[in-house]
Amino acid sequence: MSCPICGENTRVDYRPFCSRRCADIDLAKWFTGAYATPSTDPEDIENALEEFQKSPEIKH
């Protein structure tokens, strides 16, 4: 089995990864939303737009 991050052989201690580094890279992808699946639900889109408009950091 190969590591889904770098392609090296996996190690039992870190399976399905080859190292702690690759496991941490994968975890960071989850935290940053890199693995998110976009929604096409109109209600989700409307809620996201409302949250965006409430955001103080962004000038509209």
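Bear in mind that the values in this text are calculations on the coordinates, not laboratory data. Keep in mind that what you see is a predicted model, and the values were worked out from it rather than measured. Cβ placement follows ideal geometry from the backbone for every residue including glycine, while neighbour counts extend to all protein chains displayed.
Quick notes on this structure:
- Residue 27/residue 53 FRET efficiency (R0 25 Å; Cβ-Cβ; nearest 0.05): 0.20
- Projecting the Cα atoms of 3, 36, 48 onto the charge dipole of the chain, computed from C-beta unit charges around the Cα centre, puts 3 farthest toward the positive end.
- Shape analysis of the chain yields a ratio of the Cα radius of gyration to the Kirkwood radius, Rg/Rh, of 1.25.
- Cleavage-rule hits (chymotrypsin sites (Phe, Trp or Tyr not before Pro)) in the chain: DSSP loop, at most 14 neighbouring Cβ within 10 angstrom: 35
- Only the Cβ atoms of Lys and Arg (+1) and of Asp and Glu (-1) were treated as charged; on that basis the dipole of the chain about its Cα centre amounts to roughly 520 debye.
- Applying a DSSP loop filter and a limit of 12 other Cβ atoms within 10 Å to the trypsin sites (Lys or Arg not before Pro) in the chain leaves 59.
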